[in-house]
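To keep things clear, I will list the structure first and then write my remarks on it.
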Amino acid sequence: MEKLKNILVICMTAIFLFGFAVWSILKPVDKESVSERRALAGFPEFGYKSVLTGEFMTDFEKYTLDQFPLRDRFRTVKAVTVFYFLNQKDNNDIYIKDGYASKLEYPVNLDSLEYAAKRFQFVYDKYISGSSGKVYLCVIPDKNYFMAEANGYPSMDYETLISQVKQKTEFAEYIDISHLLELSDYYATDTHWRQEEIGDVAEYIAEKMNVVLSAEYTKKEAEVPFYGVYYGQSALPLPADKLYYLENDMLKECRVYDYETNAEISVYDMEKLKGDDLYELFLSGSKSLLTIENPKASTDREMILFRDSFGSSIAPLLAEGYAKITLVDIRYISPNILDRFIEFDNQDVLFLYSASVLNNSITIK
């Protein structure tokens, strides 16, 4: 009886391993992971050189891991086991506290801050120095600012981060918004802040730039659940966020021009609600160069906003005070060629960047 049981165990194990091996060979190759929002490895190119150098086997291992059948389900099983059975504090640097997911970000990368400041200095020296327009800098704290240290996780020294950036960008007046933010201003499953919660932040930034904002908005709810980037990265069955956006008659009349497509787009791109990243609803997501023209602006002033993705949701709230806002994301367009598209002429200039981008500024061109 014992011998039969051992044979059955061996046979079932062999069937399991052989079955998954055959399945992985026969199944169509998945090009991307929707949950992780990244491209998956394809079958590597086989060649004499790649075999000798070991490159083929390295890439083949990545391919097998990415194309394993039921990969997302196994990721969820592993994550649930790590968090709820083994009581591990994080899984692949993702941690959950009080229903909010975040990714560990530490320590402060001084070289990264230095690089970011040099790129900002380059922009200032090449295009802005000598003009009468005022220049401002604002750092957006990430969720770890409110979650990490308070819950016993490694945390960046945000005071050092901000002081280093301020010290290396003396051409800009610093606007501190950290006292206006709290954890509930951010999505539970995503990195970004919630537009419906940052009206006071927009008003404060505008006030520091000598602009008054007083518009009222209607809060609209997107009719689809929002699963942010940490939902996929954590592989946990987290509840979805609700995604809201703010509307009024002024925003409906704003004209947004996308220099990538040479076409007008909407302030809120409803087509993005059918995609993988619903936050791209705001100004169509990651765009290198946009302009927002507001025929109902309270002033004839113009602003150039150097920003990352956080700027997409706050820019519409700043539009009330400016006849034209030019949004520039120098992660996607080289600062060397900005004068081909922008006439720098005494506009207000705001560098608005999240702490996480500044601490990983290799993405900035």
**Prolate/oblate/rounded label for the range 94-245 (Cα gyration tensor, a/c 1.5)** = oblate
**Prompt:** So how much accessible area does E271 have, in Å² to the nearest 10, using a 1.4 Å probe?
**Reply:** 120
**Message:** Please compute the modelled spin-label separation between T218 and S286, points set 7 Å along Cα→Cβ, answer in nm with one decimal.
**Reply:** 3.4
**Message:** Taking all protein chains in place and a 1.4 Å probe, what share, in percent, of the accessible surface of the range 131-188 do carbon and sulfur account for?
**Reply:** 42
**Asked** With the other protein chains left in place, how much accessible area per residue, in square angstrom, belongs to the range 270-339 at a 1.4 angstrom probe?
**Response** 30
**Request:** Note the full-extension length gain between K242 and N210 as 0.36 nm times their separation in residues minus their Cα-Cα distance, in nm to one decimal.
**Result:** 8.2 nm
**Prompt:** Each residue of the range 329-345 in turn: what ³J(HN,Hα) in whole Hz from Karplus with 6.51, -1.76, 1.60 and θ = phi - 60°, glycine and Pro shown as x?
**Reply:** 10, 7, 7, 10, 9, 6, x, 5, 10, 4, 5, 6, 10, 10, 9, 6, 8
**Asked** Using a probe of 1.4 angstrom, how much of the accessible area of the range 231-321 is carbon and sulfur, in percent?
**Response** 43
**Fill in**
Simple SL model, points at 7 angstrom along Cα→Cβ for T363 and D200; separation in nm is 2.8
**Message:** What distance in nm lies between label points placed 7 Å from Cα along the C-beta direction at D90 and M270?
**Reply:** 4.1
**Item:** Exposure of H179 as accessible area (Å², to 10), given a probe of 1.4 Å and all protein chains
**Value:** 110
**Complete:** Residue-normalised value, i.e. accessible area per residue, for the range 226-268 at 1.4 Å probe, in Å², stands at 47
**Complete:** Output row, site R255, 7 Å Cα→C-beta label point, backbone N cut-off 13 Å, window the range 267-299, residues 291-296
**Item:** Given K287/K365; K168/K208; K296/K365; K89/K272; K89/K274; K89/K143, the pairs whose alpha carbons are separated by over 24 Å
**Value:** K296/K365; K89/K272; K89/K274
**Complete:** Applying the gyration tensor rule to the Cα atoms of the range 221-365 (axes a ≥ b ≥ c; rounded if a/c under 1.5, else prolate if a/b exceeds b/c, else oblate), the class is oblate
**Fill in**
Taking a ≥ b ≥ c as the square roots of the eigenvalues of the Cα gyration tensor, with a/c under 1.5 meaning rounded and otherwise prolate when a/b exceeds b/c and oblate if not, the range 265-343 is oblate
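The values are calculated or read from the model by the stated rules, or taken from the named source; none is laboratory data. What you see is a predicted model, and the numbers here were worked out from it, not measured in a lab. Don't worry about glycine lacking a Cβ; one is built from the backbone with ideal geometry, like all the others, and counts go over all protein chains shown. Ligands, DNA and RNA are excluded from the accessible area calculation, which covers all protein heavy atoms including side chains. Shrake-Rupley method; radii C 1.70, N 1.55, O 1.52, S 1.80 Å.
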